[in-house]
Amino acid sequence: MPLHYDTIILGAGAAGLMCASFASAKGGRVLVVDHAKRPGDKIRISGGGRCNFTNMYAGPNNFISGNKHFAKSALARYTQWDFIELVAKHGIAYHEKTLGQLFCDGKATQIIDMLLAESRAADIALETTIDDINHDGAEFRLILLGKHVTAKNIVVATGGKSIPKMGATGAGYQIAKQFDVPVTETRAGLVPLTFGPQDLDWIVPLAGTALDGRLTANGTAFDEALLFTHRGISGPAVLQVSNYWHEGDAVQVNLMPNTSIFDALRKERAENGRRQMSTALATLFPKKLATTLAEKLQLTGNLADQSDKALQEVSDTLHAFALKPTGSEGYRTAEVTLGGINTDALSSKTMESKTVKGLYFIGEVVDVTGWLGGYNFQWAWSSAAACGRAI
Ligand code: FDA
């Protein structure tokens, strides 16, 4: 006789472990399966090892999905404050780094230990492959590392395709296809963008220069740190807009989002008219960047030589500098996967498939992707809670 479980959760990552805690708390027999050696590997490396586990300002507008309303219910029924309360209950010290982003004071493994403690009533099978999965009309039948098991419910929490080196397989999309659950096109998200020689020629010498900028792609703008590197531009602002950028699009860089460059240059002209343009720009930007910009825009002469029109042109250019990425670094370095299980096929209350009873999808595998800043973990917690409570 195969072993029987009420619920088998595929994936012992953020969403899978959270779901196990809810599902097992109700007394059901729960098994969590993962092919990795350890549970929660992405939690371990997240937030530079300190796990940005949620965001104080998380709300539906911080997520991208084919259906912008889908995440609302789950996010409202298990909020960032619920997770913060859980973290506090386990005595885990944390702090706000910036923009509502909450990080552990200590190691990210504290979050994994907390989830394992909360789900201790569930069985966890690590280094276990999913060899086969079927539904015989009455229940799910699986072969896990050669062993036959059956289950009333299957929860797919296998994550996305990002960072294959860490065990991401895209298996969830295949399971969906097998059960005729539609999947939207997937692509790498929160990922560095790549640039061609034309841009690298002037960017590379600036490697190491940082400033607070505004990046815009397809009408969505983010004010965050911007870093010039030997591979192009990088930093939180770039990762954020990568979620909105599509192949062939340009991104707009505003090098000074909160101050009028025109006003600043006019003031400088009135006070120090004999300054060279590059020196004048160096009062607004890091020196290396100012020199490069002056060269790139062929700004010669001193400030007093510049008409209002000329200064306005310089200002307009630096407030909306167009760069054309040639691509992205792809799943190799992406923090998340955009797209996934089509939300039209799922109940927003329970995450259950509308066509296959007992089949649930949670976390990153679903077509709901958050911004950078703790939002993706919040989706993992909220979608897992919605499912775990319903099972
Ligand atoms: P997750 O990827 O966590 O778990 C999926 C599990 O399924 C894995 O354990 C995997 O081994 C297993 N699996 C996959 N295929 C399988 C198969 N075929 N058989 C068996 N098991 C299989 N987010 C955030 O909010 N704050 C942050 O600080 C960060 N930082 C961060 C850093 C880096 C480097 C990355 C790559 C990502 C982040 N993220 C993040 C994103 C966050 O890690 C991600 O959104 C969640 O881990 C998604 O949780 P899931 O449980 O859905 O997938």
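Quick one: what do you get for region 1-150 if you divide its Cα Rg by 2.2 N^0.38 Å?
Numbers: Rg = 17.2 Å, N = 150, 2.2 N^0.38 = 14.8 Å.
Normalised Cα radius of gyration, region 1-150: 1.16.
If you count the DSSP beta bridges with both ends in the chain, what percent of them are antiparallel, to the nearest 5?
Within the chain, antiparallel bridges account for around 70 percent of the total.
The length gained on full extension between I84 and K177, counted as 0.36 nm times the residue separation minus their Cα-Cα distance, comes to 29.9 nm.
Using only alpha carbon pairs under 8 Å that are at least six residues apart, calculate the relative contact order of the chain and give it in whole percent. If you can, show how the numbers build up before the last one.
On the way: 881 pairs, mean separation 96.0, N = 391.
Over the chain, the number comes to 25 percent.
Placing +1 on the Cβ of each Lys and Arg and -1 on the Cβ of each Asp and Glu in region 1-117, which of G106, N61, Q80 has its Cα farthest towards the positive end of the resulting dipole? Value computed over the given set: N61. Dipole check for region 342-391: with +1 at the C-beta of Lys and Arg, -1 at the C-beta of Asp and Glu, and the Cα centre as origin, the magnitude is about 220 Debye.
Each Lys and Arg contributes +1 and each Asp and Glu -1, all at the Cβ; summed about the Cα centre of region 65-200, the dipole is approximately 220 debye.
Can you tell me, using C-alpha contacts under 8 Å and at least 6 residues apart, the relative contact order of region 30-147 as a whole percent?
Details: 148 pairs, mean separation 43.9, N = 118.
Computed over region 30-147, the figure is 37 percent.
Put a plus charge on the Cβ of each Lys and Arg, a minus charge on the Cβ of each Asp and Glu, and nothing anywhere else: the dipole of region 227-314 about its Cα centre is then about 340 debye.
For the chain, what is the accessible area per residue in Å², given a 1.4 Å probe and the full set of protein chains? Don't skip to the answer; put the middle values down first.
Details: 17260 Å² over 391 residues.
Roughly 44 Å² per residue, with all protein chains present.
Think of the chain as a dipole: +1 on every Lys or Arg Cβ, -1 on every Asp or Glu Cβ, centred on the Cα centre; then among G248, T369, A121, A121 lies furthest on the positive end.
Considering helices alone, the calculated mean residue ellipticity of the chain at 222 nm is -8500 deg cm²/dmol, with DSSP H runs of length four and up weighted by -39500 (n - 2.57) and normalised per residue. Calculate what fraction, in whole %, of the accessible area of region 51-202 sits on carbon and sulfur atoms when a 1.4 Å probe is rolled over the protein chains. Exposed carbon and sulfur together represent 52 percent of the surface. Remark: spin-label model distance A117-N272 equals 5.6 nm, labels positioned 7 Å along the Cα→Cβ axis. Scaling the Cα radius of gyration of the chain by the globular reference 2.2 N^0.38 Å produces a ratio of 1.16. Neighbours of K26 by Cβ distance under 10 Å: Lys/Arg scored +1, Asp/Glu scored -1, total 0. According to the Cα-based calculation, Rg over Rh for region 110-264 is 1.15, with Rh computed by the Kirkwood formula. What residues of region 287-327 lie in the reach of a label at A207, counting those whose backbone N is under 17 Å from a point 7 Å from the Cα along Cα→Cβ? Only 288-289 pass the distance filter.
Give me the Å³ per residue figure for the convex hull around the C-alpha atoms of region 72-120. Mind showing how you got there, number by number?
Details: hull volume 4.1 nm³, N = 49.
Measuring per residue, one finds 84 Å³ for the Cα hull of region 72-120.
Using the alpha-carbon centroid of each, what span in Å lies between region 192-260 and region 18-87? Each part reduced to its Cα centre gives a spacing of 29 Å.
Along the positive direction of the dipole of region 281-323 (beta-carbon charges: Lys, Arg +1; Asp, Glu -1; about the Cα centre), which of N302, H319, P286 reaches farthest? The Cα lying farthest towards the positive end belongs to P286. Go ahead and run the numbers for FRET between D132 and M1, Cβ-Cβ distance against an R0 of 22 Å, rounding to 0.05. Efficiency, from the Cβ-Cβ distance: 0.80.
Under the criterion of Cα pairs below 8 Å and six or more residues apart, the relative contact order for region 319-371 equals 35 percent.
Using 1/(1 + (r/R0)^6) with R0 = 41 angstrom and r between the beta carbons of K72 and T300, what's the FRET efficiency to the nearest 0.05?
0.15
The values are calculated or read from the model by the stated rules, or taken from the named source; none is laboratory data. None of these values were measured; they are calculated from a predicted model. All Cβ positions, even for glycine, are placed from backbone atoms using ideal geometry, and neighbour counts span all protein chains on display. Each accessible area value is taken on the protein alone, full model and side chains, heavy atoms only, with ligands, DNA and RNA left out. Shrake-Rupley method; radii C 1.70, N 1.55, O 1.52, S 1.80 Å.
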